[in-house]
Amino acid sequence: MRYIDRVLTSNSTARRTADLVNVLSQEPATPDTVADVLREHGESGPLDLSPDDITAMRKAAEALREVFAAPTTDAAAEALNRLLRKSPGRLRLTAHHGTTPWHPHLDRDDDAPWGEWLLASSCLALAVLIWDGQRPPGGICASPTCANVYLTLGSGPPRRFCSRRCATRERVAAHRRKSQ
Ligand SMILES: [Zn+2]
């Protein structure tokens, strides 16, 4: 069950989505590794994550990858719409019984299970990114040895890699191939 909900902006919610998709795609994703990522993004209560929750969250992460894999804005919007059609809840505002500022949720209620919460909160954040940016909300790392997703936030040239680490590794590899 969801325990505490720190209110994040849509951008920071999207960052949490990308980090969760990445940790959940790794082997093995465990309640501990997933809890670490949730804590990095401000969750402070006891996180009651079971192995079944992790299985459900992995399924949600897999579904969310399709939005990151979409090559165009139209394809990302369509992928997101497919997920939104399956959403069990309707858009609502919650303040978690007065413990947080009002913010939007798309899950069934404040006690929705983790998998449902991840899918719903991620869909909401990614929808806002498409709305605001009119571009794909992110992508999948271009490194052949990395499967991480990344977000397209702010301005600047389009990204191809999840991290500076991957960009540098691939630049070095390309340079080596050229000089051989
Ligand atoms: Zn990468």
Task: Filter pass, P88 being farther than 28 Å from P51 by Cα and in a loop (DSSP other than H, G, I, E, B) - done: no
- [ ] Go through T72, T100 for me and flag whichever is surrounded by fewer than 18 Cβ atoms within 10 Å (Cβ to Cβ), touching a residue at least 12 places away in the same chain (Cβ under 8 Å), out of contact with any His (no Cβ under 9 Å at 6 or more places or on another chain) and closer than 21 Å to D19 by Cβ.
- [x] T100
- [ ] Scan the stretch 147-180 for residues that are within 10 Å of the ligand (Cβ to nearest atom), surrounded by 18 or more Cβ atoms within 10 Å (Cβ to Cβ) and either part of a loop (DSSP other than H, G, I, E, B) or not aromatic (F, W, Y) (or both) and jot them down.
- [x] N148, V149, F161, C162, C166, E170
TODO: Go through the stretch 121-145 and give me each residue that's of a type outside the set (A, V, I, L, M), within 25 Å of R164 (Cβ to Cβ) and crowded, with 23+ Cβ neighbours inside 10 Å.
DONE: S122, P136, P137, G138
TODO: Report, by residue number, each residue of the stretch 128-146 that is under 16 Å from V21 (Cβ atoms) and away from the ligand (no atom under 16 Å from the Cβ).
DONE: L129, P136, P137
Open item on the list: Can you tell me how many residues within the stretch 152-166 are in contact with a Ser or Thr (Cβ under 8 Å, 6 or more places away or on another chain) and touching a residue at least 24 places away in the same chain (Cβ under 8 Å)?
Closed with: 2
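Read-outs throughout are calculated quantities, based only on the coordinates presented, and are distinct from any laboratory measurement. Quick caveat: nothing in here was measured; it's all calculated off a predicted structure. Quick reminder, even Gly has a Cβ in these numbers, built from the backbone with ideal geometry, and neighbours come from all protein chains shown.
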